Amino acid sequence: MSKRLFFLTTMVAMLLLDGAALPQSPQYPILDMIANKVIQKYQQSTCEQLWIKKSQKAPPSAEEQKVIGFLKNDPQMRTYFINKVAPPIANKMFECGMIP
């Protein structure tokens, strides 16, 4: 996970700690798969691994760049993605002492 994506999810997680209600049926099945992949990476990572990833300066992969581009261009899709990934990521970061 690149530092940029980590930073993006960190900032989003801090802004949306209370989270918004998600629709019951998925609006974006492919985006759901991507969000679940991001969530799974955080949940399966140890705190030490997350701290190491945070300190790395790797550019985003082609897949990450594509997703970021879609999210930048579609506010509704971006809101859906952020509302899905923010709560579990914020909880993990809190457990690891990465946010107050």
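Values in this text are rule-based calculations from the coordinates and carry no lab data. Model, not experiment: these values are computed from the prediction. Heads up, the Cβs are rebuilt from the backbone with ideal geometry, glycines too, and the neighbour counts pull from every protein chain shown.
Loop-only trypsin sites (Lys or Arg not before Pro) in segment 43-100, please: DSSP not H, G, I, E or B, and at most 11 other Cβ atoms within 10 Å. Show your work: numbers first, answer last.
Values: sites: LYS53, LYS54, LYS57, LYS66, LYS72, ARG78, LYS84, LYS92; in loops: LYS57.
For trypsin sites (Lys or Arg not before Pro) across segment 43-100 that sit outside H, G, I, E and B with at most 11 neighbouring Cβ atoms in 10 Å, the list reads LYS57.
Using a Förster distance of 30 Å, how high is the FRET efficiency between PHE94 and ILE30, based on the Cβ-Cβ distance and rounded to 0.05? Please report the intermediate quantities before stating the final value.
On the way: r = 29 Å, r/R0 = 0.96.
The value I calculate is 0.55.
Given their separation in residues at 0.36 nm each and the Cα-Cα distance between them, GLN40 and MET77 gain 11.3 nm when the chain is fully extended.
As a proxy for reagent exposure, ranking CYS47, CYS96 by other Cβ atoms within 10 Å from fewest up yields CYS47, CYS96. Residues in segment 92-100 carry Karplus couplings, in order, of 5, 5, 5, 4, 8, x, 8, 9, x Hz; the curve used is 6.51 cos²θ - 1.76 cosθ + 1.60 with θ = phi - 60°, and Gly or Pro positions show x.
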